[in-house]
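**Student:** Handing you this structure, nothing more for now.
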Amino acid sequence: MAEKRVVVLGAGSSGEHFVGALRRLDPDVEIAVVERELAGGECSYYACIPTKTLLRPTEVLASARIAPGAAEAIGGEVDAARVYWWRDQVTDGREDSWHAGWLRDQRAELVRGEARVVERGVVAVGERELQYDELVVATGSSPAVPPLEGIESVDYWTNRDAIWADTVPRSLIVLGGGAVGVELAQFFRRMGAEVTLVEHNPHLLARLDADAGTLLAERFEEDGIRVLVDARSERIQPTSDGVRLELATEETIDAERLLVATGRSPRLGELGLEQLGVEVTKRGVAVDDRMRAGDGVWAIGDAAGVGLLTHLGKSQARVAAANLAGHDVRADYRAIPAAVFTDPQVASVGTMQGEGVVTARYDITGGRLSTYERPKRPGFVKLAADREQRVLVGATAVGPEAGEWLGQLTLAVRAAVQIDVLLDTIQPYPTFSEAIFGALLELADRLT
């Protein structure tokens with residue numbers, strides 16, 4: 001009896017994770033992975049990993065400058081060449097042999113090239129045809145460029161260009177105040193560029209709680225970043241030494257470079273998925289809670305359109321693999337954590353609003369912060385709970401390494417832990433996570 005044949009479109013984080021999950025469940029299944037660029041995908045070479053590597057040196061230097069004793073030892077500026085060297089080391093110089101080797105170890109064939117569905121059960125890659133029983137779409141996403149007048153006339157950056165720049169522009173306009181925009185705005189400012197950040201929503205990080213975006217904007221202004229919110233861009237044009245952006249207010253902003261960070265779109269291109277009877281929207285391939293898009297077709301990661309987070313894609317990969325292997329597993333999106341690696345970090349999970357939802361905020365002004373820096377830069381923890389059930393449904397945290405101490409809140413939301421149980425949890429002292437107890441006390445008062 002022939003073994004099941006699975007073709008995965010995309011060797012990025014979601015695709016790779018699916019391969020590992022399926023192989024653990026089925027040692028005999030035949031797997032082929034089609035990749036048109038680098039095995040390892042966007043996260044490994046153009047997003048998560050290189051971005052966080054670039055941010056680390058400037059973060060450490062900025063922290064040292066507000067740590068008495070260490071501040072006095074600083075005698076120079078950041079070394080751009082070494083910053084970029086570290087990026088190159090972490091990403092293997094954009095060489096994907098490690099990822100290709102990992103797929104080989106999983107007994108998955110890596111097929112390089114553009115994939116196109118010929119008919120149900122057949123995918124063509126160049127002159128080769130791959131037959132499949134199950135098709136998994138994990139093609140990721142690409143930067144979305146807004147329909148801004150004149151955009152085609154300027155040499156703009158996307159995240160890929162910005163991350164792989166080897167020099168620092170004198171000045172930079174960042175269009176978009178989401179995670180990519182704010183991280184790269186702070187990086188280039190701390191590397192010496194004059195930065196203007198333009199966001200059309202009322203606050204930065206528009207998908208998150210407004211308090212987080214407001215506090216981050218204040219920190220950015222202290223860093224010397226000009227932050228414009230509720231700002232509508234009308235047109236862009238080239239100049240003799242860069243670009244000029246015109247706002248709806250008729251104000252103009254000149255800079256050497258423009259970075260477009262206005263979101264991402266699923267990378268589905270000319271795959272031919274319409275032949276398989278699946279629904280494709282602007283957000284991605286429509287899937288059910290088992291990640292099934294249709295008969296013998298699955299979609300995971302950015303291509304599925306639920307959220308643009310690497311760890312979410314990995315979770316979806318495990319769900320799809322389990323169902324493909326004959327189990328009954330469903331995706332649960334109640335507790336999707338996210339971290340924005342600015343200084344301070346912004347971390348969030350769950351929802352902060354809705355009918356019957358009560359919120360409480362606790363400002364971090366002492367404790368671990370007193371031992372961490374001078375002058376102190378306050379952060380906060382904001383919690384949301386369902387009044388009737390008295391369980392946590394969301395959280396937002398702003399502060400040093402907030403993404404690390406969000407973990408217990410993510411678990412609390414996912415497991416629907418009672419507020420009284422959380423209040424009875426002993427937090428270590430002095431840590432930033434101790435602020436969670438303070439926020440819980442405020443929340444409990446509002447729930448009574």
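**Student:** For the chain, what's the relative contact order in percent, using C-alpha pairs closer than 8 Å and at least 6 residues apart?
**Tutor:** Answer for the chain is 15 percent.
**Student:** What value in Å³ per residue do you get for the convex hull of the alpha-carbon atoms in segment 255-354?
**Tutor:** In segment 255-354, the Cα convex hull volume per residue is 154 Å³.
**Student:** Could you derive backbone 3J(HN,Hα) for segment 138-149 from the dihedral phi with the Karplus parameters 6.51, -1.76 and 1.60 (θ = phi - 60°), listing whole Hz in sequence and x where the residue is Gly or Pro?
**Tutor:** Residue by residue, segment 138-149 yields 9, 8, x, 9, 10, x, 8, 9, x, x, 8, 4 Hz.
**Student:** Now for a separate question. Roughly to the nearest percent, how much of the accessible area of the chain is carbon and sulfur, given a 1.4 Å probe?
**Tutor:** The C+S portion of the solvent-accessible surface of the chain is 48 percent.
**Student:** Here is a follow-up. Of I31, A435, A162, which is farthest towards the positive pole of the chain's charge dipole, taken about the Cα centre with +1 and -1 on the beta-carbons of Lys, Arg and Asp, Glu respectively?
**Tutor:** A435
**Student:** Provide the per residue accessible area, probe 1.4 Å, for the chain, rounded to a whole number of square angstrom.
**Tutor:** So the chain comes to 46 Å² accessible per residue, rounded to a whole number.
**Student:** Residues with beta-carbon under 9 Å from that of A39, excluding A39: net charge, scoring Lys, Arg +1 and Asp, Glu -1?
**Tutor:** -3
**Student:** How big is the shadow of the Cα convex hull of segment 269-321, averaged over all directions, in nm²?
**Tutor:** 3.5
**Student:** Heads up, I need the accessible area for D166: 1.4 angstrom probe, whole protein in place, Å², nearest 10.
**Tutor:** So the heavy atoms of D166 present about 110 Å² to solvent.
**Student:** With θ taken as phi - 60° and the coefficients 6.51, -1.76 and 1.60, list the Karplus ³J(HN,Hα) couplings across segment 242-255 in order, rounded to whole Hz; mark glycine and proline as x.
**Tutor:** With coefficients 6.51, -1.76 and 1.60, one gets x, 9, 10, 9, 10, 8, 4, 7, 6, 5, 10, 10, 9, 7 Hz.
**Student:** D for segment 326-448, whole µm²/s, Stokes-Einstein with Kirkwood Rh over alpha-carbon pairs at 10 °C and 1.306 mPa s: what number?
**Tutor:** 108
**Student:** While we're looking at this one, here's another question. Report the local net charge at D96: Lys and Arg +1, Asp and Glu -1, summed over other residues whose C-beta lies under 13 Å from its C-beta.
**Tutor:** So the surrounding residues net to -2.
**Student:** Using alpha carbon centroids, what distance separates segment 150-167 and segment 37-111, in Å?
**Tutor:** The two parts, judged by their Cα centres, are 19 Å apart.
**Student:** Going by accessible area, probe 1.4 Å, with all protein chains left in place, what is the ranking of I426, I436, I336, largest first?
**Tutor:** Output order, biggest surface exposure first: I426, I336, I436.
**Student:** Can you give me the relative contact order of segment 363-404 as a percent, contacts being Cα pairs under 8 Å and 6 or more apart?
**Tutor:** Reported as a whole number, the value is 31 percent.
**Student:** Of A185, A255, A70, which has the largest mean-square fluctuation in a 10 Å C-alpha GNM of the chain?
**Tutor:** A70
**Student:** On to the next question. Please list, short to long, the whole-number percent of alpha-carbon pairs of the chain in consecutive 10 angstrom bins beginning at zero.
**Tutor:** With a bin width of 10 Å, the distribution comes to 4, 19, 26, 26, 19, 6, 1, 0.
**Student:** Go through segment 113-215 and name the GluC sites (Glu not before Pro) that are in a DSSP coil and have 16 or fewer other Cβ atoms within 10 Å of their Cβ.
**Tutor:** E114, E127
**Student:** Considering the convex hull of the alpha carbon atoms of segment 1-122, report its projected area averaged over all viewing directions, in nm², one decimal.
**Tutor:** Hull-based average projected area comes out at 10.5 nm².
**Student:** Once you've got the GNM for the chain with C-alpha springs shorter than 10 Å, pick whichever of L25, L216, L103 has the biggest mean-square fluctuation.
**Tutor:** Judging by the Gaussian network model, the answer is L25.
The values are calculated or read from the model by the stated rules, or taken from the named source; none is laboratory data. Keep in mind the model is a prediction, meaning the values are calculated, not measured. With ideal geometry, Cβ positions are generated from the backbone for all residues, glycine too; neighbour counts draw on all protein chains shown. In case anyone asks, the SASA skips ligands and DNA or RNA and just uses the protein heavy atoms, side chains included. Shrake-Rupley method; radii C 1.70, N 1.55, O 1.52, S 1.80 Å.
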